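The structure appears right after this line, and notes come after that.
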Amino acid sequence: MCGIVGYIGKRQAYPILIGGLHRLEYRGYDSAGVALLSETDKLNVYKAKGKVSELENVAQEKDCTGTIGIAHTRWATHGEPSARNAHPHVSESGNLTLVHNGIIENYVVLRDQLKSRGYHFQSDTDTEVLVQLIEYVQQSLGLNLEQAVQAALKRVIGAYAIVVLDRRFPNRLVAARKSSPMVVGIGEDQSEYFVASDASPIAEYTTQMVYLKDEEIVVCERGRDLHVFNLSNEDVPVEVKNVELDLTMLDKGGFPHFMLKEIFDQPAVLEDCMRGRLLPEHRRIVLSAVTDHRERLTQARRFIIVSCGTSWHAGLIGKQLIEHFCKIPVEVEYASEFRYREPVIMPDDVVMAISQSGETADTLAAIELAREAGAFVFGVVNAVGSSIARNTDTGTYIHVGPEIGVASTKAFTGQVCVLTMLALALGEARGTVDPGEYHAVIEELQHIPEKIGRILEQNDRIEVLSKIFTYAHNFLYLGRGWNYPVALEGALKLKEISYIHAEGYPAAEMKHGPIALIDQEMPVVFIATHHQQYEKIISNMQEVRSRNGRIIAIITEGDQVVPGMVSEYIEVPETLACLAPLLSVIPLQLLAYHVAVQKGLNVDQPRNLAKSVTVE
């Protein structure tokens, strides 16, 4: 949650900071703020409730000069969204200003202690406690800025990514992290540095990145090399990574919203996901993780998939894939529950963490639990250099490019694609997959991007269809087998961006409760492709139809039965049963998108949500 940008160098900082905030708005958009140190060493702080554009309106008549500054876009935790609670926060003396991502758990105790020493607070946030604490330590112990940050953070319980600016040290920014991401970009001739929550806001300026690890502090000083040390006062070697992002992925490319662009990206990015891994000419899948850790993976007693939200739905499909092709039992856990319920983890287990951002706090905590138990940890992430990528034993990137829309689309299909390839590669290594099926799935996988493209050609028709359903207050999504997780994902997409209550269920479970909700005002979406249990899902449709439910069906092209039973239907190309989710989810993404647009809602930035969930 929340987005941070900092800059120190020769350029004017304000355009860099504002541009960076726009690219980080997916991380939070309740309020925004910027702090700039002018050429006369005056600290100018501007804040606004709402989006970054509101901050620009506030700042347009103000002094925005200066070559050093920090900025923030907020997802509210402590204190309502307001200019008063927006970052950056300023210390009692006015010398220090700070931006923060994370939660300070012991902030109440620290605030009371600081109040007793004469400090006053202007906000309801935990972050203001941190800037006041750093100043108190600095003044009482006579420390410089980085020493004061180090000493203060030793007293803090919680998660943080912070950047601190002291107007008395106009050539220096200090940043630190624990359980929340932070990257430093090295600019020209080390005369400038960029600090951010992730690489996206600074990728246009540099490809040279340093990713901080937990409890590390970095000093960014003009004309000097980066200095990184930790809370134990040990110097840390600076490890520079070359990170190149496709900047075209960071703009809308002519689409009205990032979400629609990212839905339409899927044919191309799935080809990228499979490139070099799917080798149809050799009729093989090659994954370096399976090659390098063959024995550990093939001898696993059990896989435990830990994830949240959309990634959890991908994990449910992954469970079926691994059990089907590898004959290894798989459990799928919500990471937020897994970390607290004293799970039984054995050293011969493989714990698989799935996360688009690679920074999901609950999933990171589950990884730590798995490592303590001696399990082998496998990561499936999108963001290169992310915390999960660095904290796992091995893994596979999905390589679908930055996903800006808060409601995940191409990351979901990328995850399912990677899980399919993993299950095939591992099944082949174990000798548990039927060779004929193995080759058939490889052959069909290479045609999936083209088939998704054919579904996308129905976008205009789905847009028209969506107008019919903007009246609804509730939706029910039903599927079976491979398509049951797709029903969950379709319901999640609709509720995330249209604010219509939606539930996903296994179709056969409908009779155990949800059928009581069905009437002519309740749209029911059936994922009814011509695969496993097709006849049974037809029976489930009859049960809804007899109760006047309005049915929307996702069907296989050429289906002669379902169209005569339903109000509306959307066709998808024929494919193998195990690959059906890669196609059947696409119409559901488009349906959710167009319903939300018809309702006049902000599709890319739905209320109360943020893209990278770095707090509990």
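All of the numbers you see were taken from the coordinates with simple rules; none came from a lab. Just so we're clear, the structure is a prediction, and the values are computed from it rather than from any experiment. Backbone-built Cβ (ideal geometry, glycine too); neighbour counts: all protein chains shown.
List of remarks:
- The range 158-216-the range 416-486 distance, computed between alpha-carbon centres (Å): 39 Å
- Residue order, fewest to most surrounding Cβ atoms within 10 angstrom, among 97, 556: 556, 97
- A simple count of charges around residue 213, restricted to other residues whose Cβ falls under 10 Å of its Cβ and scoring Lys, Arg +1 and Asp, Glu -1, yields -1.
- Across the range 391-402, rounded Karplus estimates of 3J(HN,Hα) from the backbone phi angles (6.51 cos²θ - 1.76 cosθ + 1.60, θ = phi - 60°) give 9, 10, 6, 6, x, 9, 7, 8, 6, 9, x, x Hz, Gly and Pro being marked x.
- Each residue of the range 238-246 is assigned a 3J(HN,Hα), and the resulting list reads 8, 9, 8, 10, 8, 10, 10, 9, 6 Hz, derived from the Karplus form 6.51 cos²θ - 1.76 cosθ + 1.60 (θ = phi - 60°), x at Gly and Pro.
- For the range 455-604, a crude dipole built from +1 on the beta carbon of Lys and Arg and -1 on the beta carbon of Asp and Glu, taken about the Cα centre, is about 380 debye to the nearest 20.
- Length-normalised contact order for the range 63-151 - Cα pairs under 8 Å, 6+ apart - percent: 27 percent
- Exceeding the 26 Å Cα-Cα cut-off - candidates 213/327; 178/252; 42/178; 10/42; 319/410: 213/327; 178/252; 42/178
- Sorted peptide list for 436-445, 164-173, criterion being average Cβ within 10 angstrom, highest first: 164-173, 436-445
- Each of 331, 239 has some number of other Cβ atoms within 10 Å of its Cβ, and from fewest to most they run 239, 331.
- Over the residues of the chain, the helix contribution to mean residue ellipticity at 222 nm works out to -10500 deg cm²/dmol, using -39500 (n - 2.57) for each DSSP H run of at least 4.
- Gyration tensor analysis over the Cα atoms of the range 113-239 returns equivalent ellipsoid semi-axes of 26, 15, 14 Å (largest first, whole Å).
- In percent, rounded to a whole number, the relative contact order of the range 252-446 is 29, using alpha-carbon pairs under 8 Å and six or more apart.
- Checking (i) 84, 40, 19; (ii) 45, 27, 22; (iii) 64, 30, 23 against the coordinates, the calculated semi-axes √(5λ) of the Cα gyration tensor in Å falls under label (ii).
- The range 523-616, dipole about Cα centre (Lys/Arg Cβ +1, Asp/Glu Cβ -1), debye to the nearest 20: 420 debye
- For the range 130-225, the relative contact order is 25 percent, taking Cα pairs closer than 8 Å that sit 6 or more residues apart in sequence and dividing their mean separation by the residue count.
- When you count the other C-beta atoms within 10 angstrom of each residue and take the mean per peptide, 600-609, 309-318 line up highest first as 309-318, 600-609.
- Phi-based couplings in Hz for the range 448-463 (Karplus 6.51, -1.76, 1.60; Gly and Pro marked x): 4, x, 5, 6, 4, x, 5, 5, 5, 5, 8, 3, 5, 5, 5, 4
- When peptides 488-498, 213-223 are sorted by average Cβ neighbour count within 10 Å, with the highest value leading, the order is 488-498, 213-223.
- Taking amide H atoms as placed 1.01 Å from N in the peptide plane, the amide H of residue 216 lies under 5 Å from those of 177, each 5 or more residues away in sequence or on another chain.
- The range 65-140: trypsin sites (Lys or Arg not before Pro) in DSSP coil with no more than 13 other Cβ atoms inside 10 Å: 117
- Degrees separating the helix 410-430 axis from the principal Cα axis of the chain, which is the longest one: 70 degrees
- When +1 charges are put on Lys and Arg Cβ atoms and -1 charges on Asp and Glu Cβ atoms, the dipole computed for the chain relative to its Cα centre reaches about 780 debye.
- Under-5 Å amide H pairs with residue 550, H placed in peptide plane, nonlocal only: 522, 524
- Rounded to the nearest 10 degrees, the inclination of helix 484-498 to the longest alpha-carbon principal axis of the chain is 50 degrees.
- Cleavage-rule hits (trypsin sites (Lys or Arg not before Pro)) in the range 523-570: DSSP loop, at most 16 neighbouring Cβ within 10 angstrom: 547
- Ranked list, fewest to most other Cβ atoms within 10 Å of each Cβ, for 579, 588: 579, 588
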